1. Quick one: residue 30 ticks every box in (1) at pLDDT 95 or above; (2) surrounded by 10 or more Cβ atoms within 10 Å (Cβ to Cβ) bar one, so which box is it?
Amino acid sequence: MKISAMALIAYTTLVLVIVTIMASMNFPFNWVFCLTLVGQAMVVYMVYKVLTDNYQTSKTFEDFYEDHPIGQKDH
């Protein structure tokens, strides 16, 4: 099963939030330490996955922001 880059970002964020909660609730050090190592490895893999993802888009720099085009004037 292939995991998308966005799913990997969500899983990594979840693991790191769980590490933070476990550390603040005084879980045993070995649990927090092991999950911290897993979280750091997930961050490295997440960065690799996002940078090498085969994502194609038709947008260019001329499109700027979709909700606020360059030529639009604020009132």
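The values are calculated or read from the model by the stated rules, or taken from the named source; none is laboratory data. Values in this document were obtained by computation on a predicted structure and should not be read as measured data. Positions of Cβ are generated from backbone atoms using ideal geometry, with glycine treated the same way; all protein chains shown enter the neighbour counts.
1. Of the numbered conditions (1) at pLDDT 95 or above; (2) surrounded by 10 or more Cβ atoms within 10 Å (Cβ to Cβ), the odd one out for residue 30 is (2).
A quick yes/no check of all residues on (1) surrounded by 12 or more Cβ atoms within 10 Å (Cβ to Cβ); (2) at pLDDT 95 or above:
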site	(1), (2)
37	no, yes
41	yes, yes
49	yes, no
59	no, no
64	yes, no
